[in-house]
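Taken together, the values in this text are just the output of simple stated rules run on the coordinates, not laboratory data. In this text, all values refer to a predicted model and were calculated from it rather than measured experimentally. Virtual Cβ from ideal backbone geometry, glycine too; neighbours counted across all protein chains shown.
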Amino acid sequence: MDENKRPKESLVAIIGDEDTVTGFLLAGIGQCDARGVSNFLVCDRKTSKVKIANTFRDFCTRRDISIILVTQDIATEIRKEIDEHEDVIPTVLEIPSKSSKYDKGKDPIVRRVYRLLGKDLDEELHKEKMKGRM
């Protein structure tokens, strides 16, 4: 996407559970225009994978969104779509949620950083696991 077509002020979008999304909305990232188009999706057990994936793809194509936050448990459900997104903007970041512990081994950004540094993340995670057993 041509970066010159992006507005100077852009939005952060979020896809996640009710508590996480509500926290970010209370912090002021929520936006809903006159047509009812918003920059957030609250997911629960009833939210279909198709709806989540479609919302993610929609956020990826919107010029007014520069960052998309996705809770890691939801990101796992749409991993294919996240892995297919290769553009720098919008940047996709996986964040922890209240209901599930963050696992850096599943985070593609962390995996890329480890590869760039010439380190093996799986080996590092194994060392941390073994250290915890001592």
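Per-structure values
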read-out	value
On Cα atoms only, tilt of 49-61 relative to the major axis of the chain in degrees	70
Relative contact order for the chain, counting Cα pairs under 8 Å that sit 6 or more residues apart, in percent	23
Label-point separation in nm, D58 to D44, each point 7 Å along Cα→Cβ	1.9
Helix axis angle, 121-133 relative to the chain longest principal axis, alpha carbon, degrees	60
Distance between the stretch 7-51 and the stretch 69-93 - C-alpha centres, whole angstrom	15
Cross-link reach list, lysines versus K98, counting only Cα pairs under 24 Å and skipping chain neighbours closer than eight places	K46, K49, K51, K80, K106, K129
For the stretch 63-109, the spread of Cα positions along each principal axis, largest first, Å	31, 19, 16
Estimated vicinal HN-Hα couplings, Hz - the stretch 14-20 in sequence order (Karplus 6.51, -1.76, 1.60; Gly, Pro = x)	9, 10, x, 6, 4, 5, 5
Mean projected area (nm²) of the alpha-carbon convex hull when the chain is viewed from all directions	10.3
